[in-house]
Structure formats: C-alpha cells, structure tokens
1. Which angle between 0 and 90 degrees, to the nearest 10, do you get for helix 51-60 versus the longest principal axis of the chain when only C-alpha atoms count?
2. Measure nothing fancy, just the Cα-based angle from helix 527-539's long axis to the longest principal axis of the chain, in degrees from 0 to 90, nearest 10.
3. Given Cα pairs under 8 Å that are at least 6 residues apart, what percent is the relative contact order of the chain?
4. Pull up all non-local amide H partners of residue 298: gap of 5 or more, or a different chain, and H-to-H distance under 5 Å with H placed in the peptide plane.
5. Enter the accessible area of residue 294 (Å², nearest 10), with the probe set to 1.4 Å and all protein chains included.
6. Per DSSP H run of n ≥ 4, the term is -39500 (n - 2.57); total these for the chain, divide by its residue number, and report the mean residue ellipticity at 222 nm rounded to 500 deg cm²/dmol.
7. So what does residue 83 come to for accessible area, using a 1.4 Å probe and Å² rounded to 10?
8. Return one whole number: the accessible area per residue of region 183-299 in Å², for a 1.4 Å probe.
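The values are calculated or read from the model by the stated rules, or taken from the named source; none is laboratory data. Bear in mind that the values here come from a model prediction, so they are computed numbers and not experimental data. Neighbour counts are summed over all protein chains in view; Cβ atoms, including those assigned to glycine, are modelled from backbone coordinates with ideal geometry. SASA here: full protein model, heavy atoms, side chains in, ligands and nucleic acids out. Shrake-Rupley method; radii C 1.70, N 1.55, O 1.52, S 1.80 Å.
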Amino acid sequence: MCGIIGYVGTEECAPILLEGLRRLEYRGYDSAGVAVHDGRELNVRRAAGKLTALGDVLARDPVHGTTGIGHTRWATHGKPAERNAHPHVSGDIAVVHNGIIENHVELKRSLKEQGREFHSDTDTEIVAHLVDLATQRGLDLFEAVRETLKVIRGAYAIAVLSRADSSRIVLAKNASPLVLGVGEGVMLAASDVPALLAHSRDVIFLEDGEMAEITRKGARIETVAGVAVERAAVRITWSLMQAERGGYKHFMLKEVHEQPRALEDTLRGRVLLEDGLLEPGEMGIGVDDAKAIKRVVFLACGTSFHAALHGRYLLEALARVPAVAELASEFRYRDPVVGEGDLVIAVSQSGETADTLAAAKEAKERGARILAVVNVQGSAIARMAHGTLYTHAGPEIGVASTKCFTAQLAALTMLAIHLGRSRGTLGAEKARALLGEFVQIPHKMRTALEGAKHVESVARSILHTRDALFLGRGLSSAIALEGALKLKEISYVHAEGYAGGEMKHGPLALVDRDMPVVCLLPSDSTLEKMLSNVQEVRARDGNVIAIVDDESVAKDLATYTIKVPATVEALTPLLTIVPLQLLSYYVADLRGTDVDQPRNLAKTVTVE
Ligand code: AGP
C-alpha cells in the first residue's frame, strides 16, 4: 500500500526516484509523483495511473536536482487522480505519506478555520500544512515535523522536503514501513529494501515512533520524544526478487504474515470503542438507515463468498436482521426477488469481479441499496455502490486470497456490530466487550503465525494425499469451506469443506485411514456437536488434524493438533483460518506448485 522513495546525493535524482518507485510497484498503486529540489525551487510532477504516465510527464517537463522524494499512491482517501497523487505541497513544504491519518477530519476542519486551502481529498495534505505552519513559526524542519507528529494520530511513513533546504529529507515512521539506505556520499529512504538495492546494500530499518534526517553525509535518528537512536546498518544479502517479497519465498506467505497489520489497518480509526458504532460516512448507513433494513443479501464469489457466509451468520446473530449469502454467479440468472428494503452487500477483494458486479447492478436496478465491501479504492463495484466499506488489507499479489479474506471477515464483523448497535439488538456492554477483544486479535494472530513450523511438519505428513476433508460447524463451517478452497487452488489436492453435521449424510463414505480430515474445534457453542462428528471420523480410521484453542479437547482423537489462541466465538474464524492458510501453503510448496500463480486461475476474474 503506497511506496515511498527519497534520495539525497550527487546524481540527477529523478531517474533514481522513478527506478526506486518501479521496485515498489508490487505494493500496488494507482498514481505516482515526485518532488525534486533544483537548488532554488521544489519542482513537483505527478500523474494518475502507472509509472509510465509519470515517466511521460517527466519526459515532457523534466526536473533537475540531486535531492528528491517520490511516491506511488494506493488510494485510501480520495479517488485515484492527479490532484490526490503525492507529493502534496503547502507553502515551502512537500510531503509523501504512506498510511492513514486517523484524526484527519478534525485536523482539516481546524486548518480550514485557520484559512488553509486544500487542493486534494487526501488525509496527507494535512501533514504538509501542519509542517508548513510550524516552519512559519520559526521551527527548523526536523522540529517542525516533530511538532506535527505530536498532533497527528494513525499510521504513517512520511518523507518531507523543504524549499528552504535542499540538503536534507526528514522522515518519520509509525506502523508503516520505512528503511534507510546508506551509500558513499549518498543516502536514500524507501518503503522497502528493493527500492534501495541499486544504490546500497547497507540499510537501517526505522522503528515505530522514530524520525530521521538524511543528508549526503549520513543519517540522524531520534525518537519523536527526542531520544537519540544509534543503530548500525545491516547488510542485505537477498536477491532483488527475494527482497520484493520481503525475504519470503512467495507473496502468499508474505501476505499470510501481513494479516495482523491488515487487520489493524482495517480497524484503525473506524471503530468507536465506546458505543460500538462505525463511522457511517463512507458506508452511508446511519442509525435510521440501519433500522429501515428489512433484509440483507450478500453477493460474492469464491473466497469472498466464504467471508459473506461469515457476515450472514453474524448479522443475524448480532443485528437480528434476516440475511442470505448468494453466489453472485447464480443470483442474476434466476430472476431474484430483491428490491426496496434490501441491503445488498457486494463483497469483493478486487472490486472488479464480473459476476459480483453484474449481480449487484441487477439488484440496484430492482431498487436495493448497495454496499460494497472491497479492497481496491475506486474499483468498479465501489463506483456503482451507494456506499462503501473498504478493507484496508493493502494490495494482494498472490492469486490465493489470504489477508483480504481476514480483512473482509473483520469488516463484516464491524458492520454486524454497527448494525446491531444501531438497531438496538446489541447492548452497549456486549458491544464494548466484543470490540475490546477485537482489538486484541492482531496480536493473537501473530501468536497463531508463530506456529508455522509445526504446521509445515503437519503439511509434510499429508503431502502425497489425493483428497482432504475440512469440517466445521457454526461460524467455522465457512472456514472449513475456505480451508478446502485454499488447499485445492494452490496445491491441486482435491478438497471438500463441509458443515460437520452433514458428514453422516454422505461424505462419511469417503473416510478411511488415508483421508486427512481437518476439524475446526474451537471452544464455542458447537464444540460438543463437532466432537461427535470427529468421533464418527475416528471410528472409520480417518486421519484427524484438529485445529483447537484447548489442546485437551482432541487429545485422544487427533493425529495432529494445531493450537491457536482462544477468543470469543464471533472472532474465532480470524484465528482458525491462519493454520489452514499455512497448511495449504506448505503442502503446495512441498509439492512444488506455482504458489503465487496457480494454473488456470487469475487474480481478478473479469469474465463471467
Ligand atoms: C481466492 O483465493 C480466489 N482466488 C477466488 O476465489 C476469489 O476470491 C474470487 O475470484 C473472488 O474475487 P474477488 O474477491 O476479487 O471478487
């Protein structure tokens, strides 16, 4: 999500910035820009679209200088357009930013009251104004940035350049990545190592709450609180390809590990912990709208459909509104009964899936209100919907959806809490307790990810299987479906997901000692029933792999047990899916398949 590059050296920097941004393309973006200091002035060039568009602008209207900053923007606040592309300039100050400024609404209001004019819809422009104001009060650039950081809340990596000083770039980091590159008479900064490797293999990773100033001579690092930081550079030995994947073997594995961050970003600034309500702005569903909803219809495909099943379950449980989840590819071909009073929720990672788009359009034409739950700003489904709830998972490169799925689960859980509170079916105390646990989930997910080595050894044990079953009940039934989909799409092992109670109605016939049966057994309201289903599998010698939060549960039943942290029932899927993603990843990798681009599949399915 967004890429930052900064350069202070002796060479013409525009081509260096452009090349650095090219190395960050994998992060996803929809516009780009640079600001270069020519010794007197700051020259900004920006363009919507791909880097070739920025390259064309620079070819027509070149900039010269040896200090500059650059940015690829993945839209979060404001459409992907030239006016919203970074750098943003206020007075003498140019800023690029990766992340989200949570308190941007109140800060913008106050800046406008002080007579500041805004030229974009972004939260970032606030930073440029604040730094500019602070320098006008006489603060040096480094101190002006420090003052600004004390006011803004949220996630950021920023790089700031001032017309008053071509010799330095000031940087700061909190919850978004930033790394410095150390060269001979040259210093760089970037969102990720690949952008630096052409100039330096010695890098310094900034930590949250730190700021830095880079000049040709080196870096000065301090905490925002003013404590000097001494940190030696580390030598990068990865190949460029490895570096783009953050050292992970595949994008999918990287994205699985990015899930705690994706969740934090999806929750950030949205949930009002006190009353359990979401900021209605972007969704357009206030309390009265929520009360007027007669029925909710989810439309989605593939993994997003599994998230929709989760949403349906929670909406019924918490908001007491009838809800159905429909495969978008089927919905529009059966003359559906849908219209006024229906809230149709189109769930899609890409926001471009042809089936989901067409089904949502059909429902809109029939009078339903459309809410898009998508990950890509300005995507087709977001554009046609009445309101949008964005998942902030960042770009997902692996064809198999992982972090977008958990971000969808999180967004739909927030929505269910919001609708429950608005409709008066969820009490304030229960909502607060649920939200209090919700914000712990990223941390618990990190704990679940620590079990990756154990999951790899389980994967090794089922490496040569031809088939696998996944079982779960209640909220875990959608996770069973998703676990099976993950395994089949990247490892080409035939896998089926079932609600546990369905076993005896057919699939049990498949079970013998060669059949791995992955059983979701969190301590929830369906545990006892699930344990009976597992007994049925064991009685046929099935090879049980139990996903538990309490190891004693499956002690005598399972061949392998994989433990995840315990949480409340509504949030369990956010943790139990993690070992299933890892299991499919390791089976696929050990079988030597093309994990990130499995055969026959595309990341965005724009055909029906
Ligand atoms: C997920 O692993 C799959 N690649 C696929 O099922 C995907 O979820 C489906 O095509 C829907 O895509 P969307 O979320 O972009 O609409």
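1. 20 degrees
2. Helix 527-539 and the main axis of the chain meet at about 60 degrees.
3. Numbers: 1402 pairs, mean separation 64.8, N = 608.
Averaging sequence separation for qualifying contacts and normalising by length gives 11 percent for the chain.
4. 324, 325, 326, 345
5. My reading of the accessible area for residue 294 is about 140 Å².
6. After summing the helix terms and dividing by residue count, I get -10500 deg cm²/dmol.
7. Here the accessible area works out near 100 Å².
8. Details: 5280 Å² over 117 residues.
Roughly 45 Å² per residue, with all protein chains present.
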